[in-house]
Amino acid sequence: MNKENSLHDLVRFSRLLYDRHLVHAEGGNTSIRIGNEIWITQTGTVLGRLTENDLTRLSLNGELLSGGKPSKEWPMHLAFYHARPQAGAVIHIHPTYSIAYSTLLDEPSLDAVPAYTSALYRRAGRVPMIDYYPVGSPELHQAVSALAPYFYAILMKQHGITVAAPDLATAIGIIEEIEQCCHIALLTNGKGIPITPAEKDAIDKRQGRTWPETLP
Ligand SMILES: [Zn+2]
């Protein structure tokens with residue numbers, strides 16, 4: 001895909017997130033990688049009204065190459081791009097049910113979102129939750145960086161979700177599965193029964209992936 005089409009897609013998918021109520025007001029930020037450069041939404045941008053003029057170009061080291069001030073969560077995006085060489089898109093948003101569910105969990109966890117559907121597990125695998133940290137803080141960046149090499153998606157307590165994927169469509173699919181399972185957890189008062197460990201093992205085996213039980 002050429003650069004113009006990629007930027008057009010970033011705008012189109014970002015607006016879609018807003019239209020589907022997965023983020024509101026000035027929340028959320030999105031980015032794509034084109035070669036060795038990152039295109040990311042600017043600070044204070046409303047994703048529902050995003051245009052290509054609201055995008056900023058960064059180097060993989062975080063140097064500003066062109067455009068206005070990037071989202072203050074830009075270090076989180078770079079952490080994923082550095083940890084996951086296959087990642088072509090990173091989305092950070094504030095979906096209501098995922099945040100609601102996160103407020104019910106006491107502790108950070110490496111397997112926080114119950115896989116009520118095999119689709120969640122196929123697309124997202126295990127989804128860890130980090131503790132609450134202030135937006136844009138070094139602590140938040142550090143917590144995301146520690147998990148980014150091992151997971152596609154991270155639930156951020158009382159804040160939202162950050163996902164990395166090869167492309168925007170895949171990233172949105174992962175977000176929708178997480179949001180649905182968090183919604184189901186709330187609807188079933190946490191009493192729903194997830195897919196079995198054997199089913200999870202079979203999916204992991206097919207996809208050739210493993211998960212850390214503890215962080216190194
Ligand atoms: Zn946020």
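The values are calculated or read from the model by the stated rules, or taken from the named source; none is laboratory data. Keep in mind that this is a model prediction, so the values were computed, not measured. Note: ideal-geometry Cβ built from the backbone for every residue, glycine included; neighbour counts use all protein chains shown.
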Given the conditions (1) under 19 Å from ILE99 (Cβ atoms); (2) touching a helix residue (DSSP H, G or I) at 6+ places or on another chain (Cβ under 7 Å); (3) more than 16 Å from the ligand (Cβ to nearest atom); (4) in a loop (DSSP other than H, G, I, E, B), every one holds for LEU186 apart from (4)
Does region 72-94 contain at least one residue that is closer than 26 Å to ASP19 by Cα, away from the ligand (no atom under 16 Å from the Cβ) and of a type in the set (Val, Ile, Thr)?
no
So in region 74-130, with the set limited to residues that are among the aromatic types (Phe, Trp, Tyr) and within 30 Å of SER59 (Cβ to Cβ), which one is surrounded by the fewest Cβ atoms within 10 Å (Cβ to Cβ)?
TYR81
When residues of region 11-25 are limited to those that are surrounded by fewer than 22 Cβ atoms within 10 Å (Cβ to Cβ) and not in a loop (DSSP other than H, G, I, E, B), the one farthest from the ligand (Cβ to nearest atom)
ARG12
Of all the residues that make up region 95-116, how many are assigned to a helix (DSSP H, G or I), within 15 Å of the ligand (Cβ to nearest atom) and not polar (S, T, N, Q)?
1
Go through (1) surrounded by fewer than 22 Cβ atoms within 10 Å (Cβ to Cβ); (2) at negative phi; (3) under 15 Å from the mean Cα position of the chain (by Cα) and name the single condition ALA171 misses.
(1)
Across region 85-106, what is the total count of residues that are closer than 18 Å to ARG126 by Cβ and modelled with pLDDT of 95 or more?
5
Members of region 53-73 found to be basic (Lys, Arg) and surrounded by 13 or more Cβ atoms within 10 Å (Cβ to Cβ), listed by number:
ARG57, LYS72
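Mind checking which residues of region 154-175 are among the hydrophobic types (A, V, I, L, M, F, W, C), under 22 Å from ASP204 (Cβ atoms) and more than 16 Å from the ligand (Cβ to nearest atom)?
Filtering region 154-175 for residues among the hydrophobic types (A, V, I, L, M, F, W, C) gives 154-156, 161, 163-165, 168-169, 171-172, 174-175.
Now narrow it down to the ones that are under 22 Å from ASP204 (Cβ atoms): 154-155, 161, 163-165, 171, 174-175.
Passing the criteria: ALA165, ILE174.
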In region 26-44, residue nearest to VAL163 (Cα to Cα) [restricted to those that are charged (D, E, K, R) and away from the ligand (no atom under 14 Å from the Cβ)]:
ARG33
Does ALA202 meet the test of being buried (at least 22 other Cβ atoms within 10 Å of the Cβ) and among the small types (Gly, Ala, Ser)?
no
Of residues in region 131-153 being within 12 Å of the ligand (Cβ to nearest atom) and either free of Cβ contacts under 8 Å to residues at least 60 places away in the same chain or outside any helix (DSSP H, G or I) (or both), the one surrounded by the fewest Cβ atoms within 10 Å (Cβ to Cβ):
PRO134
Give, as residue ranges, the strands (runs of 3 or more DSSP E) completely inside region 26-67 that count at least 2 residues that are without any contact (Cβ under 8 Å) to a residue 24 or more places away in the chain.
55-59, 64-66
